[in-house]
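The values are calculated or read from the model by the stated rules, or taken from the named source; none is laboratory data. What you are looking at is a predicted structure, and each value in this text was computed from that prediction instead of being measured. No Cβ is skipped: glycine too gets one built from the backbone with ideal geometry, and neighbour counts run over all protein chains shown. The accessibility values were calculated without ligands, DNA or RNA, using every heavy atom of the protein model including side chains. Shrake-Rupley method; radii C 1.70, N 1.55, O 1.52, S 1.80 Å.
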Amino acid sequence: MNIIDISMTVNRNTPVFKGDTPLCIDYLSFGQINTSEIKVTPHVGTHIDLPYHFGHGLPGAQNYSIETFVGSAYVADVSQAGKLINIRDLPASAFNYQRILLKTNHREAGISKELANELAGHDVRLVGISTASIDPEVSIHFEAHHALLSNGICILENICLQDIEAGLYELHAVPLKWEEIEASPVRAYLIKR
């Protein structure tokens, strides 16, 4: 069994989406006990976006079973797609999996609205991408987010797939069970058996 960490390291220099709160840490000491207090956007580093991100009353982490975030996942190498990943950039077999992870080589890359709608038409539970957003960097309407989240499909962003070959893995990327929070940092990893 080979366990592969696909999470970003988070520190004070970890970039966040424009307007989000970067990591702030206050260290507190109580005699021999050290503790800390953190303030940060839940979208920092490797994280899960949940439907609550685009609408109050929509599901948050507490509404999903752990199985949504743990199980077989297909890693698709879409690095040749450029900055806009379309349906034709994924092998047809990728749509047979409930968890699909997209390996890109463009920091600005995202998926097209058409691909998001196609994924929503299959039995997909989670889509991950190796960029900061499932939408292309130039997006102002967040069409991919809307198409996926409105269909209950969770989004895993900022995953580190640069050393991962395309193929089938077991994914573990469980969010904290926060209520009324739109996202959660995760420690994501793959298992290759």
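Some points to look at:
- Candidates are the residues of segment 166-193 that are among the hydrophobic types (A, V, I, L, M, F, W, C) and over 14 Å from the mean Cα position of the chain (by Cα); the one that is nearest to Ile4 (Cα to Cα) is Ile191.
Okay, residues lined up against (1) touching a residue at least 12 places away in the same chain (Cβ under 8 Å); (2) touching a Pro at 6+ places or on another chain (Cβ under 9 Å); (3) buried (at least 16 other Cβ atoms within 10 Å of the Cβ); (4) not basic (Lys, Arg):
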residue	(1), (2), (3), (4)
Gln62	yes, no, no, yes
Ser72	yes, no, no, yes
Val78	yes, no, yes, yes
Ile85	yes, yes, yes, yes
Ala94	yes, no, yes, yes
Lys103	yes, no, yes, no
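- The set of residues in segment 52-69 being part of a helix (DSSP H, G or I), out of contact with any Lys or Arg (no Cβ under 8 Å at 6 or more places or on another chain) and of a type in the set (S, T, N, Q) consists of Asn63 alone.
- In segment 1-11, residue least open to solvent (accessible area, probe 1.4 Å) [restricted to those that are at pLDDT 90 or above, assigned to a loop (DSSP other than H, G, I, E, B) and not small (Gly, Ala, Ser)]: Ile6
- Positions within segment 1-57 being of a type in the set (S, T, N, Q) and within 26 Å of Arg125 (Cβ to Cβ), in sequence order: Asn2, Ser7, Thr41, Thr46
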